[in-house]
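The values are calculated or read from the model by the stated rules, or taken from the named source; none is laboratory data. Everything numeric in this text was worked out from a predicted model, so none of it was measured. Quick reminder, even Gly has a Cβ in these numbers, built from the backbone with ideal geometry, and neighbours come from all protein chains shown.
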Amino acid sequence: MNSVSGGSAVVESLRSEGVDHVFGLIGSAGMEIFDALYGAPDIRFIGVRDERTGTHMADGYARASGNAGVILAGQNGPGATNLVTGLAQAYAAYSPVVALAGSLSSAHVYRDAFQEVDQQSLFKTVTKKTWTATQTKRLPELVHEAFRTALTPRRGPVALNLPRDILAETIEFDPGPSAWHDAPPPAGPADVIERAAQLLKGAARPLILAGGGVKNGRSHAAVLKLAELLNAPLAMSPGHGDALPCGHPLYAGQIGPRGNVVATDCARQADVILALGTRLGFNTTFYTNDNLNPQAAIIQVETDPLALGRLVPIEVGVFGDAGVVATQLAAELSAHKATAAVQWAAGFRERRAALLAQREEVGAQNATPLQPAALFKMLRALSPADSMFTMDAGTLCLQATDQMPYVQPPALFTPLDFGLVGFSYACGLGVKLACPERTVISLMGDGGFGMTMSEIGTAVQHGINSICVVMNNGCWGAEKAYQRDFFDGRYIGADVPNPPYDKVAELFGAKGFRVNHASEFEAAFGAALSCGKPAIIDVQIDPNALYSFRRDSFKHRAKS
């Protein structure tokens, strides 16, 4: 055994977990870890400009790779507090982020010391679990436990506070066994699978509603096979339009206001709904029957038993992995002839084709200022088949969510139920590091990009060549839409004066492009794809092209 500092013990433990990227911002409390990373050439350290955006990078890396993403906040106090928004985002997305936070020296706790804050309490509500190390010799154990907790169902972020004196002490390092966290996904009980199969056999209007459990488990092949046996359209929960490849003839897209009317109507008309790997949560249902047929028999499949029937009444609850259960059901239904659903599936395909044709027609309008539909049409036509898209919340990204071509799952990364603005660009940098061979396109509004554009410096420094399309309408679009539609146009705080983001990109050393008219986009996008640098495309969008997504919240203000 080697005599090492606590900081070196942390890095050796990361190595034993197979970590090859660490995102972070240096600070004196974690200096022992940073020094150990200097001597670890097999672990690439990505120095970021803010701990929040670094956490988004770790989040994107985790979701794209399927492994844990690691964020290291070197400074106690403000460095740790900056993690909170990113961890809350990862928590809402069930993303396995491991946060390592430098912490106050043990002898200074409760003395109102410099940059003192109760980090243990701070992280509790935004993580699966939070620990504070109290002994240097236990650091390997705690790091392994952090990975085990983050990666076991349901996945999610964890935080480990590391007091600077614990990191400075020397121990005889024994890595011990790495925590085993690759447990086989659970299968559904045979009797429950049989009950679910019987319901599906009798369905005349079956629908499969796929959620994050399908996407995160990379289970699309099993789900497609089952859908073909059932003649069931494939709808997806909001933010998971990439759970299944968009080119399949049964692909319906996402339901709800962030989705499309065809997929939503299928959910409103289906007589049996197989909800695979979804909580049937807020963005899917708005906790009403508006988007789901209240008479439908719902079969819900979840790895969290508490989610079964919690938010929506169900007929059958299956505690199991979405992909495993889909395979079980396909085996049970292998001889099934879904003749009763033939007309249902054919009608769906006609409606879907009409929707896609309508999108192309609307997007073909060559208006100035540029309309979102025109931008989306061009992105569909020009984006390579391997493209991975990241998005913010906000009116323009929400309009785009169901419009992009998700050809190769996984291909869509959004804030999901946390609804965070300022997420997309940093997330895209993490996605690109996880999948360097694929094209990464980050869509953002101008307000969200202004929050996080300092990470252009990170992209340039580390050669992370993603493309960010800034949809610049000069305002906080979602809120301005609500002020327009429900508050008589009494605008306050809605407009955002911006610098020319293409020029900002160039000053950082990236490539910048400006698009004022639809005719300029193809050349700019092609140049961004081929430039071999991080690229920012500042696209001027019609500031009046706004849409109120949360109309339910303002029913009390709606005019009759």
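Run Gly419 past the list (1) touching a Pro at 6+ places or on another chain (Cβ under 7 Å); (2) surrounded by fewer than 24 Cβ atoms within 10 Å (Cβ to Cβ) and report the number of the one that doesn't hold.
Evaluating Gly419 over (1) touching a Pro at 6+ places or on another chain (Cβ under 7 Å); (2) surrounded by fewer than 24 Cβ atoms within 10 Å (Cβ to Cβ) leaves (1) as the failure.
Need pairs with beta-carbon distance below 6 Å; first residue among the hydroxyl-bearing types (Ser, Thr, Tyr) and within region 259-280, second surrounded by fewer than 24 Cβ atoms within 10 Å (Cβ to Cβ); sequence gap 6+ or separate chains.
Cβ pairs passing all conditions: Thr264/Asn291.
Does Gln461 satisfy being without any contact (Cβ under 8 Å) to a residue 40 or more places away in the chain and either closer than 18 Å to Leu546 by Cα or out of contact with any Leu (no Cβ under 9 Å at 6 or more places or on another chain) (or both)?
no
Every residue in region 103-130 that is in a loop (DSSP other than H, G, I, E, B) and surrounded by 13 or more Cβ atoms within 10 Å (Cβ to Cβ), please.
Selection gives Leu104, Ser105, Val109, Ala113, Gln115, Glu116, Val117, Asp118, Val126, Thr127, Lys128.
Which residue pairs have Cβ atoms closer than 8 Å, lie 6 or more positions apart in sequence or on different chains, and pair a first residue in region 133-160 that is farther than 21 Å from Ala64 by Cα with a second residue that is among the charged types (D, E, K, R) and in a helix (DSSP H, G or I)?
Final answer for the pair search is Pro140/Glu12.
For residues that are at pLDDT below 95 and outside any loop (DSSP other than H, G, I, E, B), scanning just region 292-306, find the one that is surrounded by the most Cβ atoms within 10 Å (Cβ to Cβ).
Here the answer is Pro305.
Would a scan of region 532-547 turn up a residue that is in contact with a strand residue (DSSP E or B) (Cβ under 7 Å, 6 or more places away or on another chain) and of a type in the set (Phe, Trp, Tyr)?
Within region 532-547, not a single residue is in contact with a strand residue (DSSP E or B) (Cβ under 7 Å, 6 or more places away or on another chain) and of a type in the set (Phe, Trp, Tyr).
Which strands (runs of 3 or more DSSP E) sit wholly inside region 450-560 and have at least 1 residues that are more than 23 Å from Arg49 (Cβ to Cβ) and under 25 Å from the mean Cα position of the chain (by Cα)?
In region 450-560, the matching strands (runs of 3 or more DSSP E) lie at 535-540.
For the condition outside the structural domain of Lys215 (by TED's automatic domain parsing) and either out of contact with any helix residue (DSSP H, G or I) (no Cβ under 7 Å at 6 or more places or on another chain) or at pLDDT 95 or above (or both), what is the one hit in Ala341, Ala357?
Ala357
For the structure I just gave you, tell me whether Gly202 is on the phi > 0 side of the Ramachandran plot and either under 21 Å from the mean Cα position of the chain (by Cα) or small (Gly, Ala, Ser) (or both).
Against the criterion (on the phi > 0 side of the Ramachandran plot and either under 21 Å from the mean Cα position of the chain (by Cα) or small (Gly, Ala, Ser) (or both)), Gly202 does not qualify.
Does region 89-128 hold any residues that are under 20 Å from the mean Cα position of the chain (by Cα) and of a type in the set (D, E, K, R), and which are they?
The answer is Lys128, and nothing else.
If Glu522 satisfies all but one of (1) over 30 Å from Gly256 (Cα atoms); (2) surrounded by 15 or more Cβ atoms within 10 Å (Cβ to Cβ), what's the number of the condition it fails?
(2)
Would you mention how many residues in region 194-217 are surrounded by fewer than 21 Cβ atoms within 10 Å (Cβ to Cβ) and outside any loop (DSSP other than H, G, I, E, B)?
6
So which residues in region 402-437 are assigned to a helix (DSSP H, G or I), at pLDDT below 95 and not aromatic (Phe, Trp, Tyr), if there are any at all?
Passing the criteria: Leu416, Asp417.
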